[in-house]
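The block underneath contains the structure these notes are about, expressed in structure tokens.
What follows is calculated from the coordinates using simple rules that are stated; it is not laboratory data. Computed from a predicted structure; not experimentally measured. Virtual Cβ from ideal backbone geometry, glycine too; neighbours counted across all protein chains shown.
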Amino acid sequence: MKIIVLASGSKGNSTYIEYNNTKILIDIGISCLSLEKKLREFGVSCNELDAVLITHTHTDHIGGLKTFSKKYDVPIYMTEIMLNDIDYTIKSIEYIYESILFIKDLSVKVIKTSHDVDDSNAYIIKGDKEVVYITDTGYINRKYYRTLLNKEVYIFESNHDVELLMNSKYPYHVKTRILGDRGHLSNKDSAYYLSKLVGNSTKYVVLAHLSEENNTDELALSALNNSLSKENKNVEHIEIAHQKESICIEV
């Protein structure tokens, strides 16, 4: 199973997952041109994709979707509520009605997240291994804990350091939005959840969607390592996803 975090951050997000002959994307928050270029670097063409899963309709997750949908006849998976937030036509739409999807060799569990949009999802992608993809949420509902336990790969939001955020130049209402239940996971929140969820099967954690203004790699890593240490847990590979550099993982 191959996972490539093509871009991650407030300026655009997209992740590629390949298993056997199945190739999917999660989000197209970068331009279609950038997506084509990044995928070509790994020997993949957009017209080879079997599906695109959309987490939510903020621009940093669908910024390239309009052009992509015009150029490629690839099924776009989203909820009807998400589609209602889009003011253009999606050529090939597949509505998400169920809590589990099947896309060729992959199964996809749908996890509802809490963000300041009308609807938002996280996903668990399963081939021979399982990948958890969670960003853009203020919290994770306890009812999903068991479903999320002990997966091989976690791509997980670690958006901000609370102190940096509170001392930033952001307006107060923006700070409270980010910190709220419909905002983003802080380093502390992310580290707490991951320390409870990772297990013996976990090989990789990728900390994602870091704020360029209100976080640093060092602060995010320190928070996670401290929380893992308290739980007497260890993860062999911990990576930080960035806006411009891709991360490629094979499990």
Residue-wise, which Karplus ³J(HN,Hα) couplings in Hz belong to segment 156-167, taking 6.51 cos²θ - 1.76 cosθ + 1.60, θ = phi - 60°, and x for glycine or proline? 9, 4, 9, 6, 8, 8, 4, 5, 4, 4, 5, 9
Please state the shape class of segment 59-178: rounded when a/c is under 1.5, otherwise prolate if a/b exceeds b/c and oblate if not, all from the C-alpha gyration tensor. oblate
Could you work out the pair-distance distribution P(r) of the chain from its alpha-carbon pairs, with 10 angstrom bin width and percents rounded to whole numbers? 7, 33, 39, 18, 2
Please give the FRET efficiency for Tyr139 paired with Ser99, using the beta carbon to beta carbon distance and R0 = 25 Å, rounded to the nearest 0.05. 0.85
With θ set to phi - 60°, apply the Karplus curve 6.51 cos²θ - 1.76 cosθ + 1.60 along segment 84-99 and write out the HN-Hα couplings as whole Hz, x wherever there is a Gly or Pro. 5, 8, 9, 9, 9, 8, 9, 5, 10, 10, 10, 6, 8, 10, 9, 7
Starting at 0 and stepping by 10 Å, how many percent of the alpha carbon pairs of segment 1-119 end up in each bin? 13, 50, 34, 3
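Please go through segment 181-251 and write out the GluC sites (Glu not before Pro) that DSSP classes as loop and that have at most 15 other C-beta atoms within 10 Å. Please report the intermediate quantities before stating the final value.
Values: sites: Glu212, Glu213, Glu218, Glu231, Glu236, Glu239, Glu245, Glu250; in loops: Glu212, Glu213, Glu231, Glu236, Glu245.
Hits after loop and neighbour filter: Glu212, Glu213, Glu231, Glu236, Glu245.
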So what J values fall out for segment 9-15 if you push phi through Karplus, 6.51 cos²θ - 1.76 cosθ + 1.60 with θ = phi - 60°, rounded to Hz, Gly and Pro as x? x, 6, 9, x, 9, 6, 9
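Computed FRET efficiency, Cβ-Cβ of Glu250 and Asp87, R0 30 Å: what is it to the nearest 0.05?
Numbers: r = 39 Å, r/R0 = 1.29.
It comes out at approximately 0.20.
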Roughly what would the spin-label model give for Ser222 and Phe42, points 7 Å off Cα along C-beta, in nm? 3.1 nm
At most 16 other Cβ within 10 Å, DSSP loop - trypsin sites (Lys or Arg not before Pro), segment 28-109: Lys91, Lys104
In nm, to one decimal, how far is the His242 label point from the Thr147 one, both placed 7 Å along Cα→Cβ? 3.4 nm
With runs of 4+ DSSP H residues as the only contributors, calculate the mean residue ellipticity of the chain at 222 nm using -39,500 (n - 2.57) per run, divided by the residue total and rounded to the nearest 500. -7000 deg cm²/dmol
5 angstrom amide H check on Glu239, placed H, neighbours 5+ away: Val205, Val206, Leu207
Arrange Tyr154, Tyr72, Tyr16, Tyr139 by Cβ neighbour counts within 10 Å, fewest through most, would you? Tyr139, Tyr72, Tyr16, Tyr154
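Segment 185-245: which trypsin sites (Lys or Arg not before Pro) are DSSP loop and have at most 14 other beta-carbon atoms within 10 angstrom? List each step's numbers first, then the result.
Numbers: sites: Lys188, Lys196, Lys203, Lys230, Lys233, Lys244; in loops: Lys203, Lys233, Lys244.
Sites meeting the loop and neighbour criteria: Lys244.
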